[in-house]
Every structure is written in C-alpha cells, then in structure tokens.
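Undergrad: The following block contains the structure, expressed as structure tokens.
The values are calculated or read from the model by the stated rules, or taken from the named source; none is laboratory data. Since the model is a prediction, treat every value here as computed from it, not as a measurement. Here the Cβ is made from the backbone with ideal geometry for all residues, glycine too, and neighbour counts use every protein chain on show.
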Amino acid sequence: MTRLLVSVILTSLGALVYGLLLGGVSRVITASIHGRIGPRLTQNFIDLWKLFRKESSIHHGTMFWMAPMFRLTGGIGVLLLVPIIAGNSVLTNMSFSGDLLLVLYFMFFGCLGMALGAGDSGHPYAVVAVSRGLLQMSAYELSFSAAVLVLALGLGTFSIENIVSAQQGGILNWNVFRFPFATAAALITFLPMNMTYPFNIVLAPQEIPIGPPTEYSSRFLSFMFSGRAIFGVAKLILFVNLFFGGAGSWSSLLIKTFLLYMYPLFVSPVFPRFRTEQSVRFLWFVPTSLVAVDLLRVIL
Amino acid sequence: MVTALAVFLPLLGAFLTAWLTHRNERLSLLITRLFLLAGLAAILVIAARLGAVTDGGLENTMILRTGVMTPPLSIDLKVTGWSALAAVVVYVGALLGVGRFSGRIPGTQPLLLTLVTTSLGLMFATDFFNSFVFIEIGSIITIGLTAAGRCRRRWEVALKTAMISGLVTILYLLAVVIVYRTTGELRLTAISTMTGFPAILVSGLLLTVIMTEIKAFPLSGWGLDFYQGVDKNFAAVYSSTWSLAVLLWSARMLTVLPLPDPGVLARIGAGGLVLGQLAGLRQRDPGRMMGYSTSAYASILLILAGTVHGADYLSLTLLFFTFASLSKTTVFLMADPEEEDDPWKKVSGYVLLLPLLCITGIPPFPVFWAKIRMLTVLADISPLLMGAVILGLFFESVYIYRLWSSRTGPWQKKRKYFDAAFMGAALLAAGTVWTAAGAEQGLSLSGELFRAGFVRDLFLAIFAGGTLLSLPGAFRGGPGEKSPAVWMLVSGVALTLLPLSGNGLTFYVLWEISAFAAVIGVSKGARPSEGTFWFAVFAGAAGYLLLASLVLSDGAVSSPGIPMLLVAAAALLKMGQGGAHLWNVRAYSTAPSTMAAFLSGTSSKAAVFLLVFSASAAAILPLGTSLAWIGALTALGMAAMASLESDYKKVLAYASVSQLGYVIMGIGLTSVLGWTAAIYHTFNHFLFKSILFLGAAGVIARTGTSDYDSLGGLVKRMPLTFTFTLISVIAFAGVPPLSGFGSKWLLYNALVEQGMLPLALVAMFASVVAFLYAFRLLYAVFLGQLAPRHYEVKEAPLAVLAPQGVFTAVLMALSFRPTLLLDRLVPAVASIAGLGGEIPVIEGTALSTSLGYWDAWSVGMMVMGVFGFAFVFYWISGRRPIHVGQLDIGFAGELPPSPEEVHYAGDFFRPFRRALAFLPEIHASKVFGGIVKTADLAGDVFRSLFTGDARTYLLHSLIILTVMILWMKGGTP
Amino acid sequence: MYCNKIPDKPVDNEKIWKKLDDLARANSLWITAYGTGCGAIELRPLHTSRFDMERFGIAMRPTPRQSDVLIISGYLSVKTLKRVIRVYEQIQDPKYILALGSCTIDGGMYFDSYNTINILDRYIPVDVYVNGCMPRPEAVIDGFILLMKKIKEGKAVGWKRYKENLEYYRKNQREIIRNWDLPDYNW
C-alpha cells in the first residue's frame, strides 16, 4: 500500500515534470521552425509557478471551481491506469483496476469536467469551444476506438499489459507493423487529441479567446496546465504501449515518448486550421476508412 | 304471459303516450320510463327463468304464441336465453336514451316505445313474414325518428335511410317469395334445407339484405351517413335497440343460410374489416367514426358466422354486440346534438374513454374476451385470417383513439353526463366481473411463463420501486398539467403484477391495462393531444402484436418463429426502437413530467422484461443479430437526434430510446455477457432516467418551460437537482467511476467475444455521441447564464427531489460496488438455458473475463483519492477565489448586453448539423407520415365508394347481389 | 448580475517565496491582446523572428483573466478608456500596465482633442512608459525589459496603488466618462 502510494506520487510528479519539459522542447522547436530563438526550456515551469502564485483569482460557481480538479484527476487517473514500464511491478500503479476500455472511457473524465467548468463560467466563447471540442472528440474517438477494438480483437485481449507482452520479441511484433492501418489512424487521431493544427479548433485563440479556459485564471489555470501536461504524458505512454511495443526500460520509454511527442510538431506548423465541420468530417471518414482495412483483415 | 308483457308492454305504453304527448310532456315521459322499466323487469324474469343469467343457458327456449292461428297469420315469438339477455340490453339502451332524446324532441315517445317492441319482436321472430313485418315497422320508425326535429340535414338522412329500406324490403320480399315457393313454409330455419339455384338466389338476396342492414363494408355507406347526420341522442337509442336487434336477427339468419361454403362469410368479413377500417383511418368526423366502428362490428359478425358454431357462436355474438351496442349508446349519450361539427366537444375525454376502450376491446372490458376467443378460433383456422382481423381491429382503434385523444379538456356540465358516465363505469364493472370469469375459462392460453429467480425479482423491484418513487411527484401536476397520480398508480400496479403473472393471458391483460392507464396518464399533460394519440396508437399496435403472438402460440410466447418475431416487434415498438421512437418523443414531451419519468424509467422496462423472460434464448437466437443491429443503429441515431434537439423533455426522450438500444443490443447477442450487460444496463437506465426525468419535472415545475433557449444557469437556484442530474448524466455517459461504465464494459466484452466488431464500433460511436447531448443538457439547463426571469426560482419540490435522492443513493452504491448486483445477476443469467459464451468471473470487487478486467471499487477509490488530494491541495495552497457575478466575464472590455444574449444554447451543435448535411434527412415523423399517407391513399380508394348519394348505395347493394349470385352460381354447378 | 464587492486593500506581507515569485512573474509576462490605439500595429512585429518576444517569456493571451500586462498602445480615447478600465480590473493581481507612445504621457499630438486622455496615470496606474510616436519594436522591448527589472526589484506596484487609491481613480474616471455604467468594480 505504501509502495503503491509512493509510486503514485512519484509517477504523477515525474509525469508533470516530463510533460512540462516536453512542452518547453516543443516551444523551442516551433520557434526554430519559425526562425526564432524561442523561450527557455524551462519556460513552462516559470509560467506554471507564476500562475500558481498569482495573488488573486475569481470563480463563477461550484462547477467552475471543481473543473480544474476534474482535469487534474482525469490526467493523473489515466496515467495511473496505464502500466508505464512493462514488467516493472511498481510502476504498473493502478492498472490492475481496469483494462483498456476503462482507460478509454476514463479519458472523458477530465474532458467532461473541463466542459462543465467552462459551461459554469457563463462565457459564450468557452461554451462555443466546448461544443466544438465535444464534436471533434466524438469524431476522433470513433476512429481511435475502432483502432483499439481492432487491436483488442486481433490480440484477443483488452488488457494493456497483455497487449504489450504480445508485442515483445522483435520490432516486427509491434502493433505498428502488425496493424499498420489502425496505427496510422490512431496517429491521425493523436493530432486532435493533442489539439494541434489543423485540429486546434477548441483553443482557437484568434477565433474564440482560447476556448474553455477563457475565464480561468491564476491557480485554477495552473491546475489545468498541470492536468494537461500529465494527461499528455499519459496519452504518450498509452500510445507507446498500444502501438509501439511498450517500454521495457526507462531509456526506451523516454525515447519512444519523446519521438512520439515530436511527431505532431512536424505536422502541425505547416497546416492551417480546419473548420469544425471539416475537422469532424475528416475524422469520420479518413482515419476510419484506414481502420476499416485492418478491421476487415482481423474479421476475415 | 310474462313474455307477452316483456314484448308488448312498450306498445301499450306507446298508445298511452300517443294520447298524452302534447298534452303533458312530463307525464308522458314518466309513463314511457315506467313502461320501459316494467318491460325490463319482465324480461329479466324471463332471462332468469331461462337460466341465462345463472347457468349460461343461452339455448334454453320458450315459445310465445300470440294468436290462435299458426304463423304467418299470427306472431310466434321464440325467446331463448341468448335473445333474452340481448333484450335486457335493448331495454337498458332505450331507458338510457329516452330521457335525452324524447325529453328534447317532444312527441317521439310513442314511436320510441314502438321501436322497442319492434326490436324485441325482430329478435324473437321465428318466421319470415313476422320478420318482414318487424323489419318494415322498425325501418319506418327509424326513418320517422330520424326526420324528427325539423332539421334539413336530418331529413336528408331520413330520405337516404328510406331509400335503402325500400331496396332492402324489395330484396327481402323476393327472397321470401322464393323461399315460400320452394319450401312451402315460412319458418326462418326452413331455408337451410334448400338446395340448387333457389338456395343460391335466396342466399344472395338475404346476404345482401343482411349486409346492408347491419352496415357491413362495402354496403356501409348509408350507415356512415346515418351516424354522421342523425340526431346523436337518437343514435344512442338506435344503437341499443334497432341496430342490436338487426345484428342479432342477422346472426340467427347467417347460421341458416344455405351457402355452399360458410367459410366465405369469414373471408368477406375479414376483407371488409381491413378495407373498411382502412377507409376509416383518416376520418375526422366523430359521428362518422362511430359509423365506421359499426361497420367493423358488422364485419366481425360475418367472420363469426363463418367460423364459429354452436354455443360458442351464441356467447360470442352476445358478448360482442350487446356490449358494443351499450358502449355505443353510452358514447352517443354524451354527445350534444346541437353541436353539428363535433357533438363531443364539451365532453371530457376521460369519461368518453371508458366506452371507447370497450368498443376497441381493451382488457378488462368484456368485448376483449370475445375478441381473444374469436382470435384463438381464427388462429386455428387460418393465421392469415387472424392477421387480417387484427389489422382491421388495429385500424379501428386508430380512429377511435383519435376521437378520444383530442377531447382531453375539462369536463363541463357534469350532472348532464352522469348517466353516461355511470354506464361507462358499469361497463367497466361488468368487464371486471367477466375478467374473473374469463380467467377461469383459461382460454387455453396458459403456458408457464416466468421462472422465479433473481432476474424476475429484479424486475419486480424495478416496477414496484419505480412506481413508488415516481408517484409522490405526480400528485401535483406541473404548470398546465393535471395530476396523473391515479393512472400512474394503476399502470404501476399492473406493471408490478406483470412478473407475477402465471400465464400469457394474465400477462397480456396486465400489459394492456398498464399501457392504457399510462395513456390516460399522458393525456393529463399540458398539450396532450398529439402525444396521447401516438402513444395510444403505438401501445395499441404493440398490444395487438403481443396478442397475435399469444394466440398463435397458445399463450406460450417463447415458441420460436412467428410468435417470437411478433413479440420482438411488440417489445421494439414499446421501447421505441428502430424508428418507433416517434411515440416516445411525442408522448414524453407532452406528458406530465413525472409521468414521463415513470414511462421512461419504469414502464419501458416491461418490454425488456417481455424479451428477457417470455422469449427463451433459443427462440431469440435467429433474430439475435438483427435485434443487435436495430439496437445499435437506434442507439446511434437517437443519440445524434438528442444532440440536435432543443427541448429538455424531447432530448430525454431521444436519450431514453438511445440508451435502450444498448439493452436490445445486449439481448440480441444471446450470450451470458450480453444478457448480463442488458439487464445490468436496464437497471442502470431505470435509475438514471428516473433521476433525469424527475429532475426535469422539478425544473419545469419551477420555471414553466422545457425549452433550452429559455433555461440556463439554474445550478445557482436548484443545486440539488443539478447534483442529481449531474451524477446521472455522468453515469449514462459511461464515464468511470459511475455505474454506466459497467454496462458498457460488459457490452463491449460481449461484443468482442462474439467477434461483432462493427457492432461494437457503432455502439462506441453512439456512446461518444451521447456526450454531446449529455453535456448540452447539463449546460443548457443548469450552467451558463441564469435569465433574470428565473431569479426567483426555488429548488424543486421535495416530492420529486426526495425520490431523486433515493435513486442517486442506489446509483452511487451500484457505481462503487457493482458486485452488489452482479454477484447475483451473473449466476442468475448464467443459469438461463440456451445462453452461450463466457461467464464473467467475480473476485471480490473485481470482474474479469478472458478479455479484460475491471475493478470498480479500486477505480472509485483512485478517483476519490486523487480528486480529494487535488481539492485539499487547492484549498490550502492559497487564498480563496472571489465569487463574481454572472456577467463578470471577460467580454472584450464590454459589459455583456444581458444574460439571455450571452447564453449560448440554441442550435448548440450547429457544426454537427453541418457535418451531417451529406446524409439525407430521414425523420421518423416523415416515415410514419409516409405510412399514414399511403394508408390514406389506399383508404381513399375505398372511401370514394361512399359518395353520400343514396343512389350509389343502392347500386352497391345491387352490384354485390349480382356478384354474389354469379359467384355462388359458379361454385355450384 | 455583477459582483458588488470592493476589493480588499492589498496587504504587503513578505513571504519566503517572494523572490522566486517576482522572478517568475518577470520572466513570464503575458499580455492582454487588446489594441487600444494606433500603437497596436507596433506590437505585431514583436511576434516575428526578427524581434521574437517569446525569448523573454512574453506571450499574448486573448483573455484578461490569464494575462499580466495590459499595453495601452498610443492615444486612448474616452470611449476606449471605459473598456480599458474593465479589462484592467478583470486582470488578476499582480498586473502591470505598459503605456506606449507620447500620447499616453501628455496627450501627444492629440493633446487638445475633446476625447483623448492626456495624462493616463490619472485614470489607471501605469508602471512603465515608453515614449515616441510611435515607439519602434525595439523601444517596446526595452520597455518590457524595464518592466521586468522593476518587477524583480518589487517596484512594479501599480496594481497595489490602484487598489489603495481606488476612490481617487474612480473619481477621475467618472469625471471624464459621461455615461458611466460600469459596476462598482469590474471583477
């Protein structure tokens, strides 16, 4: 029990640091693409601390108040439900309490909480963004869950650990090679999941002032930042586990997640933003038809 | 002596009143009543003496010879137990109607009394000539009474009736001449010995006469015009006297007609029933509707004559026609003849409903027992015939419901309709008594239905608990609503008894009672007519499907094949699946909110129960995949519809149908996992949909609106309602740690286990689309900006809040400890024979299959732990935030114009609508509109027969006569 | 509909974190993206690779709730002042104002206009002025560096001054804004 608690705390903190650091790296790389110098690598830590230590803040109601906690809980929860390093008994954290389906549905927890907070803020743009976000989520979840179901049926299990262990023994056993189309679809959905161009219709700063967190300030915002950073890491680990053979050691975990994190960076800077219905339709049809190929292979 | 009195007392009275009338109206009316009462007493004595009442001696006979000569030179009357009972109805009908009719139009008492005597005479007549006399007198009196009242329209009707009567007389006399010429006697029974062409000729002539007189389709045109145009209070008397007499005389005649094949009568009847009622579907005029209903009963008579024989025939005809006549009399009594457009305008639909339900044959009304008996007989002869009859009866019920459903306004002039209401209640009482008797007879529908066990107890708990908890809020209706409490209770009690019913018949009776009590409950809503009508139609359709299944399978609906298909269809209709959601949406949105909570939360589970229990796994297997697909597509489509809808209750209705789609999906899988998922989700759905609808009831009660655009921000005023709604929304969205996830987990395991990946995908997509309406519901009603007009809104009344609290407590317990339910559910489902697949393993709080695992308790603890930590950390890490006003938002430096303008709720998912634009718009309302239109068009073909011109009707009779004779001639060389 | 509370007077309590806080605040200046006047055009180049303000941790935020700095870019008309007051008060403490251009100091070339503000500091507390008409992006960056320096030294306390002297500022604001309809404090 104590070991579990320590592991949970360390995992969360580690994920927070790693997530913020990755964010810093991405900002630097984006700046380089623009031909700028860019911020410090630690800029996100500075921002987080500043927000956390702001002297005043406002709130609009109970749901508004609780939403950042929902967001944080959603992020940490997903992180804890995913086994981080295969075979490491400590770092499996809480993954004994549920399989991939649980993780899939638990990913909505933070989103729903966030959406409720945005709704409670009474700001129309926040809610416009929620409407967009929910629509887009419903669209990418279709192909993402399709990809996941293909894996589950193909490997005959919903357990993430079993999925990881099924990929051991050589790089060709990775699901990215076994189910290339499903993986491709999942990688496409990775973009809207991380709200990067061309799918960043939720936090569209030039259209709707940054969407759901419009009214959030100070410590609330710092909680949401942390939640988002942790959630991002959790998603990275999940993807690595599902499609890229899982992580056998710390080094492979860091390399794989880092590379996976870099992938949207090289896609997003060259795209403009979709309109909501364009994004939704794209996500309905393109990745889903990719999955359909693997789906047919699995069924037949 | 008593017999003579029973028949001729009214005639005596007629002479007396003929002298009195215009001298002393009151006295004349009193004397009329006295004579009728005396006659009634006499006929009751006769009926008792014949043993008709006590021993069911319908065939016991008593002959009354009035003259010294033999017939036809004197009048010989034969009274059987059967006709004596019918005569009682004649007297009762006349007694009921005389005050209303003769009291209004003076001078009609003598004719009315004579009509009674004539009717009795016709019923008791034994030979052709006597019958002719009575028919002649009866027709003339009918014409006279129709024309009474100095109204041009009535005269027109009278003229039509006279023309038809003329033709009938001619044809009848021709037949009599031929009979006398061939057999040499005039006894009615004499013709059964006839053979050859004369027999054919006589059969054709008499059949035409009968069909015209009893207004069977296609010779019912004049009857329609008659009921539309006649003085409605005269129609009340007419229905129970002359109309009944003619029906019963025809019933006797039809058995002795020397037809080459009596079965043809059934076919004529069934065809006429379907086509005639199809023509009546679009009928708007209430009087004409009753005409169509009469024509339906005429067709039923033909069917009975063609299929049923002996004692059964007597009891069935008696049951059908006496009670239908009495009901019709009751209906007409409530009419106000001065209102030409809608004579029932001022009547409350609730009073009107009793006789109307009796006419349509809903249990426990007596006609139901006749109907089900007739259908069992027909099912043995030809299922196709039975299907046609059920279809025709369904058509009839459609316009009857329309007649009723638009009349749910307040009931004016209460005293005036006391007798009619009393009669309706008497009908109900008679029906209940008959139900007791009918249940004894068993009707061979006694298949053992329900296995005792946990699953049955679970449904029992759902029905009883749902009823009890929905009830408190129902005592006070919302704005513009009346209290549906009584009907909810009736419906709920019937539902609760459902799992305990021992045989198919009891099940069906309880099912129908529950459904129609719910229909009445729905009609208590603020804008009831649309919803009530469609609910009644769909409930009626489901009922008829179930009935057909019961009859076809001798009460054991578990038999595979067609009965199972019918049961599945009934269950799907009841749950609004596969496009049948039309009624759910209309009924839930117009019903009182608590009634909607009851319907969606509790009552819809009856269909699940029907599927899970009355259908064995083996029977459902061939339908499994189709069921699962229907469920999946419904779940998806309805979720999308719910996202685009802007009415709180309609959204909940769509959501309800969508969620039940998962249940159907689970049942369709016919595996242990699938059924566990289905039943688990049923229980979940019961909990969260009750909470949602009760919450909506509270919101609507306080704000008076269910429109998203005018709600919003209510969390500030109704925090408890919001909390309950939030919990149930998280639950049905399937977000862990609340209980909705459990059903999803079980379902996906079941789907992947069966390798049904496309289905799983649709289900998953549906569950994600569910987020859209889930959030929108919470936001548009509770979050966002509170409109100033709702500043004074208070928390929902305790009567709906407390039940929500109870439901929420159960929901939370189930969320964190699903094993409380699953521990017993899994073994119970695993023990159901015929279910394949894996049995999930429960260890402690964890559930696992070969595919995956899930431990709700530890997930719950994790969420609580992390959330608690975050909360505490926030609390101690700095200053409290300041709670600002609702318009203190960063609005580009501007002051927001007003809360309403800042609240973004209407057309919330516009991009979704745009993204879906490539799909053709398929609305259930359009589909059903199309069906209705097609039926109308088809009906138009037959309706165009009824031109309203008596000469056309005469032509119809002649054509039918010719066709019939030619056809029978072809049949016998 | 609006919160009618008046903000508490700021209490100056030295905390252990103060140095670290000031350092973080100085290096993470988020600007409200609100062009109040002609000078807003000079802010755009700051994003570009030539000037690159992100290297100082400066970023644009579209909502006042999340930002620290409000830039008054050039002359401020009375009409805009009302909006500026609302935006400024909606920014969470600590918050700073960077006034761009000569107009904010003394009215500049519009000093005798009937509807421009001549001395901005009478209406909202300015932390750093950058003069010029218009100041070039380099000058704006210079202003930011000055602001960062002041923050690190704990001298950028315009927001405290504003709260302490709210009545004074309100009086001045109400004097000049004829159709005053703002709530007591714009939370």
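Undergrad: If A:Leu51 satisfies every condition in (1) surrounded by fewer than 24 Cβ atoms within 10 Å (Cβ to Cβ); (2) within 30 Å of C:Trp187 (Cα to Cα) but one, which is the exception?
TA: (1)
Table: residues versus (1) of a type outside the set (A, V, I, L, M, F, W, C); (2) under 27 Å from the mean Cα position of the chain (by Cα); (3) assigned by TED's automatic domain parsing to the domain that holds B:Ala542.
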{"site": "B:Phe613", "(1), (2), (3)": "no, yes, yes"}
{"site": "B:Leu636", "(1), (2), (3)": "no, no, yes"}
{"site": "B:Ala639", "(1), (2), (3)": "no, no, yes"}
{"site": "B:Ala653", "(1), (2), (3)": "no, yes, yes"}
{"site": "B:Val657", "(1), (2), (3)": "no, yes, yes"}
{"site": "B:Gly666", "(1), (2), (3)": "yes, no, yes"}
{"site": "B:Leu669", "(1), (2), (3)": "no, no, yes"}
{"site": "B:Leu673", "(1), (2), (3)": "no, no, yes"}
{"site": "B:Ala678", "(1), (2), (3)": "no, no, yes"}
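Undergrad: If you don't mind, there's one more thing I want to ask. Considering only residues that are more than 9 Å from every other protein chain (Cβ to nearest Cβ) and touching a residue at least 40 places away in the same chain (Cβ under 8 Å), look in the range A:76-88 and name the one that is farthest from A:Leu48 (Cα to Cα). If you could, list the steps in order and put the result at the bottom.
TA: Residues of the range A:76-88 more than 9 Å from every other protein chain (Cβ to nearest Cβ): A:78-79, A:82-88.
Then keep just the ones that are touching a residue at least 40 places away in the same chain (Cβ under 8 Å); that gives A:78-79, A:82-87.
On the way: A:Val78: 21, A:Leu79: 20, A:Val82: 25, A:Pro83: 27, A:Ile84: 25, A:Ile85: 28, A:Ala86: 31, A:Gly87: 34 Å.
Here the answer is A:Gly87.
Undergrad: Please go through the range B:208-233 and pick out each residue that is within 17 Å of B:Arg267 (Cβ to Cβ), part of a loop (DSSP other than H, G, I, E, B) and not small (Gly, Ala, Ser).
TA: B:Phe217, B:Pro218, B:Leu219, listed by residue number.
Undergrad: All but one of (1) at pLDDT 85 or above; (2) under 39 Å from the mean Cα position of the chain (by Cα); (3) crowded, with 19+ Cβ neighbours inside 10 Å hold for B:Phe35, so report the exception by its number.
TA: Looking at each condition in turn, B:Phe35 falls short on (2).
Undergrad: Within the range C:31-54, does at least one residue satisfy the condition of being within 14 Å of another protein chain (Cβ to nearest Cβ), surrounded by 19 or more Cβ atoms within 10 Å (Cβ to Cβ) and small (Gly, Ala, Ser)?
TA: yes
Undergrad: So for the range B:257-280 (the condition being polar (S, T, N, Q) and either surrounded by fewer than 24 Cβ atoms within 10 Å (Cβ to Cβ) or free of Cβ contacts under 8 Å to residues at least 24 places away in the same chain (or both)), does at least one residue qualify? Before the answer, list the steps.
TA: First, the residues of the range B:257-280 that are polar (S, T, N, Q): B:277.
In the following step, the residues that additionally are either surrounded by fewer than 24 Cβ atoms within 10 Å (Cβ to Cβ) or free of Cβ contacts under 8 Å to residues at least 24 places away in the same chain (or both) were identified as none.
No: the range B:257-280 contains no residue that is polar (S, T, N, Q) and either surrounded by fewer than 24 Cβ atoms within 10 Å (Cβ to Cβ) or free of Cβ contacts under 8 Å to residues at least 24 places away in the same chain (or both).
Undergrad: Something else now. Checking B:Gly438 against (1) closer than 20 Å to B:Leu356 by Cα; (2) modelled with pLDDT under 70; (3) out of contact with any Leu (no Cβ under 6 Å at 6 or more places or on another chain): exactly one of these is not met. Which one?
TA: (1)
Undergrad: Return only the number of the condition from (1) within 30 Å of C:Asp184 (Cα to Cα); (2) in a helix (DSSP H, G or I); (3) free of Cβ contacts under 8 Å to residues at least 12 places away in the same chain that B:Asp888 does not satisfy.
TA: Only one criterion is unmet by B:Asp888, namely (2).
Rundown of residues vs (1) modelled with pLDDT of 85 or more; (2) within 25 Å of B:Tyr91 (Cα to Cα), yes/no style:
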{"position": "B:Ile303", "(1), (2)": "yes, no"}
{"position": "B:Phe320", "(1), (2)": "yes, yes"}
{"position": "B:Lys328", "(1), (2)": "yes, yes"}
{"position": "B:Leu333", "(1), (2)": "no, yes"}
{"position": "B:Trp344", "(1), (2)": "no, yes"}
{"position": "B:Leu352", "(1), (2)": "no, yes"}
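Undergrad: Within the range A:82-96, is there a residue that is more than 30 Å from C:Pro45 (Cα to Cα) and assigned to a helix (DSSP H, G or I)?
TA: At the first step, the residues of the range A:82-96 found to be more than 30 Å from C:Pro45 (Cα to Cα) are A:82-96.
Remaining after also requiring assigned to a helix (DSSP H, G or I): A:95-96.
Yes, there is a match, as at least one residue in the range A:82-96 is more than 30 Å from C:Pro45 (Cα to Cα) and assigned to a helix (DSSP H, G or I).
Undergrad: Taking A:Phe274 as meeting all but one of (1) assigned to a helix (DSSP H, G or I); (2) more than 18 Å from the chain's Cα centre (by Cα); (3) hydrophobic (A, V, I, L, M, F, W, C), write down the number of the exception.
TA: Condition not satisfied by A:Phe274: (1).
Undergrad: Considering (1) without any contact (Cβ under 8 Å) to a residue 12 or more places away in the chain; (2) in a helix (DSSP H, G or I), say which one B:Glu338 fails and leave the rest.
TA: Just one mismatch for B:Glu338, condition (2).
Undergrad: Quick one: in the range A:15-43, of everything that is within 18 Å of C:Ile58 (Cα to Cα) and of a type in the set (Val, Ile, Thr), which residue is farthest from the other protein chains (Cβ to nearest Cβ)?
TA: A:Val25
Undergrad: Taking the range C:64-99 as the search range and keeping residues that are of a type in the set (S, T, N, Q) and under 20 Å from A:Ile46 (Cβ atoms), which one is farthest from the chain's Cα centre (by Cα)? Show your work before the answer.
TA: From the range C:64-99, those of a type in the set (S, T, N, Q) are C:66-67, C:73, C:77, C:80, C:90, C:92; that's our starting set.
Among the residues that remain, those that are also under 20 Å from A:Ile46 (Cβ atoms) are: C:66-67, C:92.
Values: C:Gln66: 14, C:Ser67: 10, C:Gln92: 12 Å.
So, considering only residues that are of a type in the set (S, T, N, Q) and under 20 Å from A:Ile46 (Cβ atoms), the one farthest from the chain's Cα centre (by Cα) is C:Gln66.
Residue by residue, here is whether (1) crowded, with 24+ Cβ neighbours inside 10 Å; (2) under 17 Å from the mean Cα position of the chain (by Cα); (3) in a loop (DSSP other than H, G, I, E, B); (4) at pLDDT below 85 holds:
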{"position": "B:Pro499", "(1), (2), (3), (4)": "yes, no, no, yes"}
{"position": "B:Ala517", "(1), (2), (3), (4)": "no, yes, no, no"}
{"position": "B:Phe535", "(1), (2), (3), (4)": "yes, yes, no, no"}
{"position": "B:Ala539", "(1), (2), (3), (4)": "yes, yes, no, no"}
{"position": "B:Ala548", "(1), (2), (3), (4)": "yes, yes, no, no"}
{"position": "B:Ala568", "(1), (2), (3), (4)": "yes, no, no, no"}
{"position": "B:Gln577", "(1), (2), (3), (4)": "yes, no, yes, no"}
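Undergrad: Report every pair of residues separated by at least 6 positions or lying on different chains whose Cβ atoms are under 7 Å apart, first residue within the range B:748-777 and within 8 Å of chain A (Cβ to nearest Cβ), second acidic (Asp, Glu).
TA: B:Val768/A:Glu141
Undergrad: Hey, another quick one. Kindly provide the set of residues from the range A:154-171 that are at pLDDT 85 or above and in a helix (DSSP H, G or I), ordered by number.
TA: Scanning the range A:154-171 gives A:Gly154, A:Leu155, A:Ile160, A:Glu161, A:Asn162, A:Ile163, A:Val164, A:Ser165, A:Ala166.
Undergrad: Quick check on C:Gly154: is it of a type in the set (Gly, Ala, Ser) and over 22 Å from C:Asp8 (Cα atoms)?
TA: Numbers: of a type in the set (Gly, Ala, Ser): yes; over 22 Å from C:Asp8 (Cα atoms): no.
Judged against the criteria, C:Gly154 is not a match.
Undergrad: Continuing with this model, one more query. Checking the structure you have, find out if any residue of the range B:900-910 is part of a loop (DSSP other than H, G, I, E, B) and of a type in the set (Lys, Arg).
TA: Just the residues of the range B:900-910 that are part of a loop (DSSP other than H, G, I, E, B), to begin with: B:903-909.
This time we only want the ones that are of a type in the set (Lys, Arg), so: none.
No, because not a single residue in the range B:900-910 is part of a loop (DSSP other than H, G, I, E, B) and of a type in the set (Lys, Arg).
Undergrad: For the range C:85-114, what are the residues that are in contact with a helix residue (DSSP H, G or I) (Cβ under 6 Å, 6 or more places away or on another chain) and among the charged types (D, E, K, R)?
TA: Selection gives C:Asp93, C:Lys95.
Undergrad: Looking at the range A:249-272, is at least one residue touching a residue at least 40 places away in the same chain (Cβ under 8 Å) and either touching a Lys or Arg at 6+ places or on another chain (Cβ under 6 Å) or within 14 Å of chain B (Cβ to nearest Cβ) (or both)?
TA: No, the conditions are met nowhere in the range A:249-272.
Undergrad: Does A:Gly98 meet the test of being more than 17 Å from A:Gly246 (Cα to Cα), within 7 Å of another protein chain (Cβ to nearest Cβ) and in contact with a His (Cβ under 7 Å, 6 or more places away or on another chain)? Write out each step before concluding.
TA: Working: more than 17 Å from A:Gly246 (Cα to Cα): yes; within 7 Å of another protein chain (Cβ to nearest Cβ): yes; in contact with a His (Cβ under 7 Å, 6 or more places away or on another chain): no.
So A:Gly98 fails the test.
Undergrad: Restricting the search to the range C:60-103, which residues are among the polar types (S, T, N, Q), surrounded by 21 or more Cβ atoms within 10 Å (Cβ to Cβ) and either within 10 Å of another protein chain (Cβ to nearest Cβ) or part of a helix (DSSP H, G or I) (or both)?
TA: Filtering the range C:60-103 for residues among the polar types (S, T, N, Q) gives C:63, C:66-67, C:73, C:77, C:80, C:90, C:92, C:102.
The next check asks that each one be surrounded by 21 or more Cβ atoms within 10 Å (Cβ to Cβ); those that pass are C:63, C:66-67, C:73, C:90, C:92, C:102.
Scanning the range C:60-103 gives C:Thr63, C:Gln66, C:Ser67, C:Gln90, C:Gln92.
Quick grid of which residues meet (1) in a helix (DSSP H, G or I); (2) of a type in the set (A, V, I, L, M, F, W, C):
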| residue | (1), (2) |
| --- | --- |
| A:Leu21 | yes, yes |
| A:Gly24 | yes, no |
| A:Val28 | yes, yes |
| A:Arg40 | no, no |
| A:Lys50 | yes, no |
| A:Ala67 | yes, yes |
| A:Leu72 | yes, yes |
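Undergrad: Tell me which residues, restricted to the range A:121-143, are within 14 Å of A:His60 (Cβ to Cβ), facing chain B (nearest Cβ under 8 Å) and in a helix (DSSP H, G or I).
TA: Within the range A:121-143, A:Ser121, A:Pro124, A:Val127 qualify.
Undergrad: Which of the residues that make up the range A:199-227 are more than 10 Å from chain C (Cβ to nearest Cβ), in contact with a helix residue (DSSP H, G or I) (Cβ under 6 Å, 6 or more places away or on another chain) and not small (Gly, Ala, Ser)? Give the steps one after another, and end with the answer.
TA: Initial filter on the range A:199-227 (more than 10 Å from chain C (Cβ to nearest Cβ)): A:199-202, A:212, A:222-227.
Subset that is in contact with a helix residue (DSSP H, G or I) (Cβ under 6 Å, 6 or more places away or on another chain): A:199, A:201-202, A:212, A:222-227.
Across the range A:199-227, the qualifying residues are A:Phe199, A:Ile201, A:Val202, A:Pro212, A:Phe223, A:Met224, A:Phe225.
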